[in-house]
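Asker: Could you have a look at this structure, given as structure tokens, before my questions?
None of the figures in this text is laboratory data; all of them are computed from the coordinates on show. Owing to the predicted nature of the structure, the values given are computational and were not obtained by experimental measurement. Note: ideal-geometry Cβ built from the backbone for every residue, glycine included; neighbour counts use all protein chains shown.
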Amino acid sequence: SRPSLSLTEIEGKLTLLCDAKTDGSFLVHHFLSFYLKANCKVCFVALFQSFSHYNIVGQKLGVNLTVARERGQLVFLEGLKSAVDVFFQTQEEPHPLQFLREANAGNLKPLFEFVREALKPVDSGEARWTYPVLLVDDLSVLLSLGMGAVAVLDFIHYCRATVCWELKGNMVILVHDSGDVEDEENDILLNGVSHQSHLILRAEGLATGFCRDVHGQLRILWRRPSQPTAQRDQSLTYQYKIQDKSVSFFAKGMSPAVL
Amino acid sequence: MAAVATCGSGAGTTGSAVATASKSNVTSFQRRGPRASGTNDSGPRLVSIAGTRPSVRNGQLLVSTGLPALDQLLGGGLAIGTVLLIEEDKYNIYSPLLFKCFLAEGIVNGHTLLVASATEDPANILQELPAPLLDDNSKKEFDEDVYNHKTPESNIKMKIAWRYQLLPKMEIGPVSSRFGHYYDASKRIPQELIEASNWHGFFLPEKISSTLKVEPCSLTPGYIKLLQFIQNIIYEEGFDGSNPQKKQRNVLRIGIQNLGSPLWGDDICCAENGSNSHSLTKFLYVLRGLLRTSLSACIITMPTHLIQNKTIIARVTNLSDTVIGLESFIGSERETNPLYKDYHGLIHIRQIPRLNNLICDESDVKDLAFKLKRKLFTIEAEVQKGVSRATFLLDGPRKKLFPCLFQLLEVACIPWLMASSSIFRASNIFESFLCYQLWVFSASLFHF
């Protein structure tokens, strides 16, 4: 889906990626390669996997993260590696993941400062990149690391103010849906981000269980949070199967395996 | 409008991701050349490590878990840089066995071990490791190095054991270059093998008494100490490539027992909303960070059945790479169920990681049972209710088929009929025919 950012739009879009009973990381890989190919400046807060994982999958999808990072197009925060740095060595300046060293759940201000610094427009002669993008994989990890849902929502709010409103860029956030497990903090987070989103992509496992040919179902929901009296939100549902280098989508019940 | 990810033109093959291993931040996810262990390598850096092999799917370097059946279910083995979480069975009878097989595999392959426990002294754990079943081929390989000295009292217990009497005198490499071994649960690993191996133990009661100044953060002191210990070993012995003095080309196998139990100082097993509810998840995150940047693999057993707060279990699962759960039949109603009489419990593959890939190696068979035979721990596809009797019937006299169908319908439970994927699971034409018949028959049964 091409994000349409015409001159009449006054803000960038917030896209929420959500997965329930399945792994929605294929959506993250898609958006990462999509925005890099669209020549956007991307700040990727990658909390879940290592850099080389995203790089190798990115190469299958046609982008080279190492080159993008060297060119300055991609600013990559590798959560796992940074956590080790923060935990075992005292840092001189505030580190984006500074909260790991703190006893009480603080706030995510250092992380926000990192994002703002990464995406701020550089005063060079020509505009190298089209628009900035913030990508987060994934937000639920911050809850596991001791942050409260409210602190994480504050972080999203600050990022949205800077990235979407001020810089007219886009945000793509992945949040897990805990489903049956009553993870209150996660539910608060998910609801909070849903209300602010323009587009929600929800990957769900099939209700009947595992199937080799259909990996899950993708629900697409368009919302307009800025207009409270908007017409009914539009939604579509597709089923998908993930392959080695791509994902194939088909209408419900139309999987090639069944037809 | 669907969001279709376009297939990239493939800028650069995946094989070109082999970066030079001399860089200080070597990650364990580099693609290694698929060479059999032991052969000479042409490139200066593609040295193969004993007991590892690259995955066929994504070139990920794998080590054996110590159970070849489990290796197969996990897509070839446990990937280096990842953590395998085992949800303990209720009475903690079978999970220690998997734990010990993992460690024994490390000794047999010549890997370095790091054993952490709050309940048992690691030295005692190592004494109780099962003995490997080495076949004659690997014995022959070994003979060339070993001084062939027949002693009159060579006939000690196992036929294999006498070869190892000469071990302590010489520097040995791995005992066997095979990937994955079988272990005899009724016998102990030879003492010489333990003495020749390189291992580090972390026994919490010993470590916690020393007064090391720790900054207060929301991890329990036991976890902090363990993380520092692991990080220290990884750095000192060069498993992450950052130590200029140490050039390590070996794998570190980390085993952590009963993580999360009250003996570690964590209260998630005692209280629903404990004071340190993030301690364990933070620990796992930092641990995974350590693993990703070093040549190590970790196995953790956790008494998840004791954890009161289901949220924590879900978060722990999300933060682990591979998760399997053991459910033993002891004390449950299934113990007397004739369907399960050959098995000791069920093994659930809860999560398989997607590493360097959009897809993962999920096995098609979801119902797996294990049994501990006299010597071996085996995993088999569980005979499912309804289908189970059918597969037995196929072997028996065919003419008794139809009367047994009625019995089958009594046994067959509705969820089986509704699960659409079960029909695809039938392996040969005859079985699929039988499944189809059952479907049609029962559908008509409910129509009057």
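Asker: Taking segment B:308-347 as the search range and keeping residues that are charged (D, E, K, R) and within 14 Å of chain A (Cβ to nearest Cβ), which one is surrounded by the most Cβ atoms within 10 Å (Cβ to Cβ)?
Answerer: Checked segment B:308-347; the qualifying residue surrounded by the most Cβ atoms within 10 Å (Cβ to Cβ) is B:Arg315.
Asker: Confirm whether A:Gly62 is more than 8 Å from chain B (Cβ to nearest Cβ) and of a type in the set (Gly, Ala, Ser).
Answerer: In short, no.
Asker: Now a separate question. Please determine, by comparing only the residues of segment A:87-113 that are out of contact with any Cys (no Cβ under 8 Å at 6 or more places or on another chain) and outside any loop (DSSP other than H, G, I, E, B), which one is nearest to A:Leu16 (Cα to Cα).
Answerer: A:Leu111
Asker: Being more than 12 Å from chain A (Cβ to nearest Cβ), polar (S, T, N, Q) and surrounded by fewer than 24 Cβ atoms within 10 Å (Cβ to Cβ) is the filter here; which residues of segment B:278-307 pass it?
Answerer: B:Thr304
Asker: Give the residue that is farthest from A:Val152 (Cα to Cα), with candidates limited to residues of segment A:69-118 that are within 13 Å of another protein chain (Cβ to nearest Cβ) and of a type in the set (Asp, Glu).
Answerer: Of everything passing the filter in segment A:69-118, A:Asp85 is farthest from A:Val152 (Cα to Cα).
Asker: Filtering segment B:83-126 down to residues that are charged (D, E, K, R) and not in a helix (DSSP H, G or I), which residue is surrounded by the most Cβ atoms within 10 Å (Cβ to Cβ)?
Answerer: For segment B:83-126, the residue satisfying everything is B:Glu88.
Asker: When A:Gly146 is evaluated against the numbered criteria (1) of a type outside the set (Asp, Glu); (2) out of contact with any His (no Cβ under 6 Å at 6 or more places or on another chain); (3) in contact (Cβ under 8 Å) with a residue 40 or more places away in the chain; (4) surrounded by 20 or more Cβ atoms within 10 Å (Cβ to Cβ), which criterion, by number, is the only one it fails?
Answerer: Evaluating A:Gly146 over (1) of a type outside the set (Asp, Glu); (2) out of contact with any His (no Cβ under 6 Å at 6 or more places or on another chain); (3) in contact (Cβ under 8 Å) with a residue 40 or more places away in the chain; (4) surrounded by 20 or more Cβ atoms within 10 Å (Cβ to Cβ) leaves (2) as the failure.
Asker: Residue check: is B:Asp267 assigned to a loop (DSSP other than H, G, I, E, B) and within 14 Å of chain A (Cβ to nearest Cβ)?
Answerer: No: the conditions fail for B:Asp267.
Asker: Failed condition for A:Asp213, given (1) in contact with a strand residue (DSSP E or B) (Cβ under 7 Å, 6 or more places away or on another chain); (2) facing chain B (nearest Cβ under 10 Å); (3) crowded, with 21+ Cβ neighbours inside 10 Å, with all others met?
Answerer: Against the list (1) in contact with a strand residue (DSSP E or B) (Cβ under 7 Å, 6 or more places away or on another chain); (2) facing chain B (nearest Cβ under 10 Å); (3) crowded, with 21+ Cβ neighbours inside 10 Å, A:Asp213 comes up short only on (3).
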